[in-house]
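The values are calculated or read from the model by the stated rules, or taken from the named source; none is laboratory data. None of the values given here were measured: they were computed from a predicted structure. Glycine gets a Cβ as well: all are built from the backbone with ideal geometry, and neighbour counts include every protein chain shown. Accessible surface areas use protein heavy atoms only, side chains included; no ligands, DNA or RNA. Shrake-Rupley method; radii C 1.70, N 1.55, O 1.52, S 1.80 Å.
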Amino acid sequence: MTEIIKINQLTKRYGTTEVLKGINLTIHQGEVFGFVGHNGAGKSTFIHTITGIIHKSSGIFKIKDAPDEQIDKSKKVMGVMPDVSNLYEHMRGIHFLRYMGKLSGDRRSKRDYTILMKEVGLEGAEKKKIKTYSFGMKKKICIAQALLGNPDLIILDEPTSGLDPESAIKIRNLVMRQQKLGKTILLTSHNLDEIDKVSDRVGILSDGVIKKLGTPRQLKEETGVGISISVRTKPTLRKDDIQMLSKKLDMDVTFVESKKEYTLLQVASDEDISLLSKELIESGVQLYELKVEERSLEDVFMNTK
Ligand SMILES: Nc1ncnc2c1ncn2[C@@H]1O[C@H](COP(=O)(O)OP(=O)(O)O)[C@@H](O)[C@H]1O
Ligand SMILES: [Mg+2]
């Protein structure tokens with residue numbers, strides 16, 4: 001696997017406050033990497049540091065093959081949407097993109113700029129001045145700007161915060177399309193559901209370091225967040241039945257509640273679901289429905305100290 005970003009012991013201090021305390025991270029080509037952390041955790045600081053917007057305090061990092069002292073070299077391969085951006089407010093949307101495109105060596109035809117605007121959800125706003133754009137529209141044009149010059153590495157800081165759900169889905173789909181084109185995407189978000197859906201791997205930034213790192217599934221399993229399942233059976237299962245089952249199978253099945261013909265349970269692993277359903281059927285209970293409630297990254301996040 002080709003390494004696109006490699007970071008070793010990266011730190012960043014503002015005065016005496018150390019925001020990044022030693023980040024180690026490798027991101028591979030073609031990955032969508034989700035960077036999460038609470039407000040003020042240092043996500044933007046991290047992005048600003050590795051994109052050369054601000055200077056690191058110590059440590060080293062490499063983007064593609066360029067070491068951080070030669071950050072200008074790597075600027076050609078990356079498209080960045082920082083969380084704040086200086087937009088040319090007096091320009092019309094499409095003129096701004098064409099102008100920025102020229103600066104970044106974008107080879108798109110005039111018509112393709114219109115397509116780009118459509119891709120980020122700005123159709124109809126091409127000729128409007130950026131100063132008349134709403135917050136969400138400004139955000140979208142910043143995302144479009146990050147795609148100019150066809151960069152291999154796309155870095156998006158909170159691309160969907162403040163967007164309406166439909167726009168956010170549009171941006172998520174755009175990220176996945178870019179991945180299909182072979183791009184590497186690093187994005188931050190505090191929407192954990194979104195990060196879960198779009199990311200191959202996730203890093204949780206806390207106390208200045210990456211506290212947890214892995215695929216969304218790995219993180220959920222590691223945290224030991226139980227799996228919630230609801231079963232519909234005849235007869236409806238009650239607390240006593242579950243306690244007996246739990247004993248018999250020698251595993252932790254927790255009775256949560258009974259609702260009409262449904263019973264809500266918690267088990268520890270995927271295997272337990274399989275064993276439990278087998279046992280139910282063998283014991284003569286009629287099993288009509290078994291639904292697994294997805295574990296959420298939120299649970300993982302809340303368990304990260
Ligand atoms: N230019 C700056 N000078 C001093 N402190 C800063 C500066 N920028 C950010 N910080 C501080 O660094 C911490 C991390 O901020 P930031 O990287 O914006 O977090 P996040 O993007 O995760 O919300 C915060 O405590 C913030 O106040
Ligand atoms: Mg931020």
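Subtracting the Cα-Cα distance from 0.36 nm times the residue separation, let me have the gained length for Tyr88 to Leu213 in nm, one decimal. Intermediate values should be presented prior to the final figure.
Working: separation 125, 0.36 × 125 = 45.00 nm, distance 3.77 nm.
This chain segment gains 41.2 nm when fully extended.
How many angstrom separate the Cα center of the range 55-73 from the Cα center of the range 1-19?
10
How big is the dipole moment of the range 91-239 about its Cα centre under a simple scheme where the beta carbon of each Lys and Arg is +1, that of each Asp and Glu is -1, and everything else is neutral? Debye, nearest 20, please. Before the final figure, lay out each step's value.
Values: 30 positive and 17 negative charges, 111 e Å.
Taking the Cα centre of the range 91-239 as origin, the dipole is about 540 debye.
Restricting to Cα pairs below 8 Å that are 6+ residues apart, what does the relative contact order work out to for the chain? Please round to a whole percent. Could you put the intermediate results ahead of the total?
Working: 575 pairs, mean separation 57.0, N = 305.
With pairs under 8 Å counted, the relative contact order is 19 percent.
Take the alpha-carbon positions of the chain, form their convex hull, and give its projected area averaged over all directions (one quarter of the hull surface) in nm².
Working: hull surface 78.8 nm².
About 19.7 nm², averaged over all directions.
Given the options Gly121, Gly37, Gly284, which has the most mean-square fluctuation in a GNM of the chain, springs set between C-alpha atoms less than 10 angstrom apart?
Top of the fluctuation ranking is Gly284.
Give, as a single signed number, the net charge of other residues whose beta carbon lies under 14 Å from the beta carbon of Lys129, with Lys and Arg counted +1 and Asp and Glu -1. Mind showing how you got there, number by number?
Working: positive: Arg92, Lys127, Lys128, Lys131, Lys138; negative: Glu89, Glu126.
Cβ neighbours under 14 Å give a net charge of +3.
Modelling each spin label as a point 7 Å along the Cα-to-Cβ direction, I'd like the Asp200/Leu103 distance in nm, to one decimal.
3.1
Consider just the alpha-carbon atoms of the range 1-134 and return their Rg together with their Dmax, both in angstrom.
Rg and Dmax of the range 1-134, Cα atoms, are 17.5, 50 Å.
State the extension gain, in nm to one decimal, for the chain segment bounded by Lys118 and Glu257, taking 0.36 nm per residue of separation less the distance between their alpha-carbons. Let's see the in-between values first.
On the way: separation 139, 0.36 × 139 = 50.04 nm, distance 4.75 nm.
Full-extension gain reported as 45.3 nm.
Which aspartates and glutamates does Lys128 reach when only Cα atoms under 18 Å apart count, and residues fewer than 8 places away in its own chain are ignored?
Glu89, Asp112, Glu119
Out of Gly59, Gly124, Gly149, any idea which swings most in a Gaussian network model of the chain, alpha carbons joined below 10 Å?
Gly124
Between Asn39 and Glu166, what's the calculated FRET efficiency when r is the beta-carbon distance and R0 is 30 Å? Round to 0.05. Each step should come with its number before you reach the end.
Numbers: r = 25 Å, r/R0 = 0.82.
Result of the calculation: an efficiency of 0.75.
Of the candidates Phe33, Phe96, Phe255, which one comes out as most mobile in a Gaussian network treatment of the chain with C-alpha springs shorter than 10 Å?
Comparing Phe33, Phe96, Phe255 in a Gaussian network model of the chain, the most mobile one is Phe255.
For the range 172-239, which semi-axes, largest first and in whole Å, follow from the square roots of 5 times the eigenvalues of its Cα gyration tensor?
On the way: eigenvalues 210, 69, 18 Å².
The three semi-axes for the range 172-239 are 32, 19, 9 Å.
Name the residue from Ile50, Gln70, Gly124 whose Cα lies farthest towards the positive end of the charge dipole of the chain, charges +1 on Cβ of Lys and Arg and -1 on Cβ of Asp and Glu.
Gly124
Could you pull the Rg and Dmax for the range 224-302, using just the Cα atoms, both in Å?
12.2, 40
Over the heavy atoms of His38, what accessible area does a 1.4 Å probe trace out, to the nearest 10 Å²?
Rounded to the nearest 10, the figure is 100 Å².
If the only charges are +1 at each Lys and Arg Cβ and -1 at each Asp and Glu Cβ, what is the size of the charge dipole of the chain around the Cα centre, to the nearest 20 debye? Kindly include the intermediate steps, with their values, before the conclusion.
Working: 49 positive and 42 negative charges, 350 e Å.
Using only the charged Cβ atoms, the result is roughly 1680 debye.
If the chain between Lys278 and Gln70 were fully stretched, how many nm would it gain, using 0.36 nm times the residue separation less the Cα-Cα distance?
Working: separation 208, 0.36 × 208 = 74.88 nm, distance 6.00 nm.
Extra length from Lys278 to Gln70 when fully extended: 68.9 nm.
Among the listed pairs Lys62/Lys211; Lys73/Lys129; Lys21/Lys220; Lys64/Lys211; Lys12/Lys118, give every one whose C-alpha distance is greater than 27 Å. Can you show the working numbers first?
Working: Lys62/Lys211 21 Å; Lys73/Lys129 33 Å; Lys21/Lys220 25 Å; Lys64/Lys211 25 Å; Lys12/Lys118 38 Å.
Checking Cα-Cα distances, Lys73/Lys129; Lys12/Lys118 exceed 27 Å.
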